[in-house]
Amino acid sequence: MLRNLPAYDSVLRTTWHIVAVADDIKQDQPLQAHLLGETIALWRAEEKIVAVQDRCPHRGVSLSAGNVKNNSELVCPYHAMAFDSHGQCLRIPADPKIKIFPQAANLHTYPVKEKYGFVWVALQPPDQDIPDFAEWKKADANSFHCGPYLIKTSAPRILENFVDIAHFPFTHSGLLGDPNFPEVFDYRLAVEAGEIVASDIHFYQPNPEGTGEAKSVSYVYKIVRPLVAHFRKGENADQQFSIFMAVTPVKETQSVAWLGVCRNYSAEVSNDELRRFQNDVMAQDIPMVESQRPQKLPLDLQQEFHFPCDKMSIAYRQWLKQLGVQFGTC
Ligand SMILES: [Fe+2]
């Protein structure tokens, strides 16, 4: 029988992806996450987060439905087979005489890191580190998370929407744009050092940061990994607002988007208020990207019509094609 297996993608399998918020991994309870068609169990062994394939090697039960014992052991809910932080089997209660366990009794572990308050996992040893967002580290910046946003489309469609400015006046009328000011003026585009950088972007916005203040905003957008992008608003170093988006490919047409938001001004506006604003913006984006057909991002430029101001999206599609990204593209 033919099974609908996800496309194998060595590029995305060797890339870090966000799978959870670190604070959501509690001391005694594992958490289930999904990435590139795989199911992952996350838990804390002492303080360290561990990521393993969420499948008991004995009878295939989901280990994330089990529990964590002695602050370090993951225990299967079915027969209580237990594993350490390296995925090594520790005991089989039904057969206590077994002290040396074969390799087949161990779990498959994944590289895992905690950064920006998120848990990042790669399915295979990653060839690049998690991207660096200098804004997040600045002591004077107010930083917070938004998401997860569960979105029924491919991850590259969502990432491309994040760097698309031309939809602001229409999809985000009154928030990020005004239909009376729809023109996207020419901007500078560079593809260098493994990044796509769009700068010198100037755009009128009625309420660009959720603080209620209208302004003409300058942006720098960067796509730094196949599914991670970042923008910084504001030329003045005293007034900078930035967001990074990481999109987690769950299935080819099912994704989760996460945002990290930083700013170094308007301390009187709470993070909760700004998070509500970002949630409103995402609630306007989601029906647009979920309605796109095909759901997978076409990398052949002939498949869709492009505006000249789409040059960043065009560069993104060309770059994904050059990298050989298959999952979520067509
Ligand atoms: Fe949008």
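The values are calculated or read from the model by the stated rules, or taken from the named source; none is laboratory data. Quick caveat, the model's predicted, so the values are computed rather than measured. Virtual Cβ from ideal backbone geometry, glycine too; neighbours counted across all protein chains shown. Side chains are part of the model used for accessible areas, which takes the heavy atoms of the whole protein and leaves out ligands, DNA and RNA. Shrake-Rupley method; radii C 1.70, N 1.55, O 1.52, S 1.80 Å.
Excluding same-chain pairs closer than 8 in sequence, count the lysine pairs in the stretch 134-323 whose Cα atoms lie under 14 Å apart.
Going through the stretch 134-323 pair by pair, I get 7.
Rounded to the nearest 500 deg cm²/dmol, what is the calculated helix-only ellipticity per residue at 222 nm for the chain, with -39500 (n - 2.57) per DSSP H run of length n ≥ 4? Let's see the in-between values first.
On the way: 6 runs with 54 residues, N = 330.
Estimated from H runs of four or more residues: -4500 deg cm²/dmol.
With +1 on each Lys and Arg Cβ and -1 on each Asp and Glu Cβ, how big is the dipole of the chain about its Cα centre, in debye rounded to the nearest 20?
1300
Can you return the aspartates and glutamates within cross-link range of K113? Criterion is Cα-Cα under 17 Å, with same-chain partners fewer than 8 residues away left out.
List returned: D23, D24, E46, E47, D127, D129, D132.
Once you put a point 7 Å from the Cα of Q239 and another 7 Å from the Cα of H202, both along the Cβ direction, what distance in nm separates them?
Rounded to a tenth, the inter-label distance reads 1.5 nm.
Could you pull out which residues in the stretch 214-242 have an amide N less than 18 Å from a spot 7 Å beyond the Cα of K113, following the Cα-Cβ vector?
223-230
Which far-off residues, 5 or more places away or on another chain, put their amide H under 5 Å from the one on K296, with H placed in the peptide plane?
none
The stretch 1-71 to the stretch 299-330: how many Å between their Cα centroids?
First find each Cα centre; the distance between them is then 31 Å.
I need to check one value: relative contact order of the stretch 1-74, counting alpha carbon pairs closer than 8 Å and at least 6 residues apart, in percent.
Relative contact order for the stretch 1-74 comes out at 25 percent.
On a full-extension model of 0.36 nm per residue, what is the gain between V191 and Y8, subtracting their alpha-carbon distance, rounded to one decimal in nm? Display every interim value, and only then the final one.
On the way: separation 183, 0.36 × 183 = 65.88 nm, distance 2.65 nm.
Stretched fully, the V191-Y8 segment lengthens by 63.2 nm.
Would you tell me the accessible area of D200, worked out with a 1.4 angstrom probe on the heavy atoms of the protein chains, in Å² to the nearest 10?
Surface open to solvent at D200 totals about 70 Å².
So what are the ³J(HN,Hα) numbers for the stretch 48-60, from phi and the Karplus equation (6.51, -1.76, 1.60; θ = phi - 60°), rounded to whole Hz, Gly and Pro as x?
In residue order, the calculated couplings are 7, 7, 10, 10, 9, 4, 7, 7, 5, x, 6, 10, x Hz.
For helix 311-323, what angle does its Cα long axis make with the longest principal axis of the chain, in degrees from 0 to 90 and rounded to 10?
On a 0 to 90 degree scale, this one is about 30.
Please return the longest range in the chain lying between exposed loop sites, taking trypsin sites (Lys or Arg not before Pro), DSSP loop only, at most 16 other beta-carbon atoms within 10 Å, and leaving the sites out.
Segment 153-330 is the longest.
Once the Cβ-Cβ distance between A94 and V61 is put in as r, and R0 is 22 Å, what FRET efficiency do you end up with, to the nearest 0.05?
Efficiency, from the Cβ-Cβ distance: 0.95.
List the residues, sorted by chain then number, that are 5 or more residues from R55 or on another chain and whose placed amide H is less than 5 Å from its amide H.
L63
Taking the Cα-to-Cβ direction at T211 and at V269 and moving 7 Å from each Cα, how far apart do the two end points lie in nm?
Computed distance between label sites T211 and V269 equals 0.6 nm.
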